[in-house]
Amino acid sequence: MSARTADPTFPINAWYAAAYDVELRRELMPRTICDRRLVMYRRADGSPVALEDACWHRLLPLSKGRLVGDDVQCGYHGLVFDAGGRCVRMPSQETLNPSACVRSYPVHEKHRFIWVWPGDPALADPARIPDLHWNDDPAWAGDGKLMHVKCDYRLVVDNLMDLTHETFVHGGSIGHEAVAEAPFEVTSTERSVTVTRWMHGIDPPPFWAEQLRKPGPADRWQIIRFEPPCTVTIDVGVAPAGTGAPQGDRSQGVNGYVLNTITPETGTSCHYFWAFCRNYRIHEQGITQKLREGVARVFAEDEVILEAQQQAILDHPDKEFYNLNIDAGPMWARRIIARMIAQEREIAGGARAAGDGAAAGGAPTAGAAAKSAVRPTPLRAGMPDLAAAGH
Ligand code: FES
Ligand SMILES: [Fe+2]
């Protein structure tokens with residue numbers, strides 16, 4: 001929930017990255033996502049588990065207990081829960097209370113992330129996990145990190161959907177006047193927003209000059225794609241000017257993908273998972289290392305801005321945001337997020353109104369709401385209906 005209002009800031013019927021693959025081991029790891037406290041671990045066969053981090057008996061966090069085989073033993077009175085959250089052992093009694101269980105969340109490992117579905121388990125289709133295949137595709141090399149940022153995850157989405165800030169925040173690495181000045185185009189469908197920017201014949205900034213290793217002017221591109229509620233992939237690169245990159249021939253250039261998925265922890269904090277993957281010199285591990293640290297330094301510059309912005313929002317609860325042409329991408333992303341939240345509220349409201357009758361078919365189903373048609377809508381930067389919206 002938002003710290004400013006009781007309004008939810010994120011939908012719950014979605015897959016969220018809860019951990020990097022390397023973080024999860026044969027030990028109990030507490031993590032909060034979407035205001036839900038989880039305990040996570042791997043079973044002996046490596047498969048991931050996500051349980052509610054509160055014992056059924058007296059609510060001690062299960063993460064304070066220990067792993068026994070594939071089960072979790074509470075660290076207070078020793079109740080044992082299996083990976084499905086069912087209590088399978090109670091000390092000093094033979095009959096198990098059938099209601100003794102903790103919530104088990106749908107969990108799935110894909111593209112180097114452990115994804116958790118905090119909402120209705122019946123809707124948790126792994127096919128809906130965002131496509132971040134560059135992260136484990138052998139044709140690409142790269143690595144990333146997890147940052148804990150003290151801000152609403154939507155501020156990070158805003159930040160990524162409008163890269164003009166590179167000019168002002170990242171002047172020493174990837175920033176360039178052209179990013180703030182070049183025209184861009186925004187398009188949207190029901191489940192995506194794309195911001196495309198080409199900068200023709202520019203002097204590549206230091207980061208890209210080092211990657212390209214070819215003197216002279218370059219064509220640079222940034223194609224940003226948002227997938228709700230919180231995944232942003234950015235196709236980035238440079239090629240020597242005039243070698244055909246804008247027309248589709250990138251063979252003379254270098255290409256990377258910045259993968260970002262930003263999981264809300266609370267209404268005002270998030271887990272920001274990212275990776276930078278490239279398709280050139282992929283066997284040079286030293287480059288992977290260097291790029292990872294370089295991008296981490298760039299993102300640390302964002303972190304300072306984002307946390308200061310969040311604090312200012314909390315300090316000025318009466319103020320709204322204003323929107324410029326550059327905010328078309330972020331605004332469109334926020335509209336999709338807001339629509340998902342509204343649909344979930346509608347369903348929850350319908351279920352409440354119908355009470356137990358819902359099971360008999362009285363309430364709208366989540367599936368029906370999800371199918372409500374929203375036509376693909378092209379949106380150009382600078383369109384006139386960018387009215388001021390709340391945070
Ligand atoms: S609190 Fe977990 S067994 Fe008592
Ligand atoms: Fe940035």
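Tabulated data for the structure shown
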read-out: Rounded Å value of the spacing that divides the Cα centres of segment 117-139 and segment 261-285; value: 15
read-out: Farthest positive-ward along the chain dipole, Cα basis, beta-carbon charges - from 246, 95, 30; value: 95
read-out: Residue order, fewest to most surrounding Cβ atoms within 10 angstrom, among 81, 184; value: 184, 81
read-out: Residues residue 177 and residue 59, FRET efficiency given R0 of 56 Å [Cβ-Cβ distance, rounded to 0.05]; value: 0.50
read-out: Loop-located trypsin sites (Lys or Arg not before Pro) in segment 199-293 whose Cβ has at most 11 other Cβ within 10 Å (DSSP); value: 213
read-out: Student exercise, the chain dipole from Lys, Arg, Asp, Glu Cβ charges, in Debye to nearest 20; value: 660
read-out: At most 13 other Cβ within 10 Å, DSSP loop - trypsin sites (Lys or Arg not before Pro), segment 57-158; value: 58
read-out: Inter-part distance where segment 290-361 and segment 18-46 are each reduced to a Cα centre, Å; value: 24
read-out: Dipole in debye (nearest 20) - segment 180-329, about Cα centre, beta carbon charges: Lys, Arg +1; Asp, Glu -1; value: 780
read-out: Inter-centroid distance (Cα atoms) of segment 48-74 relative to segment 190-233, Å; value: 44
read-out: Length added when fully stretched, residue 25-residue 44, from 0.36 nm per residue minus Cα-Cα; value: 5.9 nm
read-out: Potential lengthening between residue 319 and residue 353 on full extension [0.36 nm per residue; Cα-Cα distance subtracted]; value: 8.8 nm
read-out: Helix runs (DSSP H) in the chain reaching 24 Å along axis by Cα, Kyte-Doolittle at least -0.5; value: 285-315, 328-354
read-out: Prolate/oblate/rounded label for the chain (Cα gyration tensor, a/c 1.5); value: prolate
read-out: Loop-exposed GluC sites (Glu not before Pro) per DSSP, neighbour cap 15 Cβ within 10 angstrom, longest uninterrupted part of the chain; value: 95-189
read-out: FRET efficiency estimate (nearest 0.05) - Cβ-Cβ, residue 308 to residue 86, R0 51 angstrom; value: 0.65
read-out: Given charges at beta-carbon only (K, R positive; D, E negative), |dipole| of segment 273-326 in Debye; value: 500
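Bear in mind these aren't lab numbers, they're just calculated from the coordinates by the rules spelled out. Since we're looking at a predicted model, the values are computed, not measured. In this analysis, Cβ positions are derived from the backbone assuming ideal geometry, glycine residues included, and neighbour counts consider all displayed protein chains.
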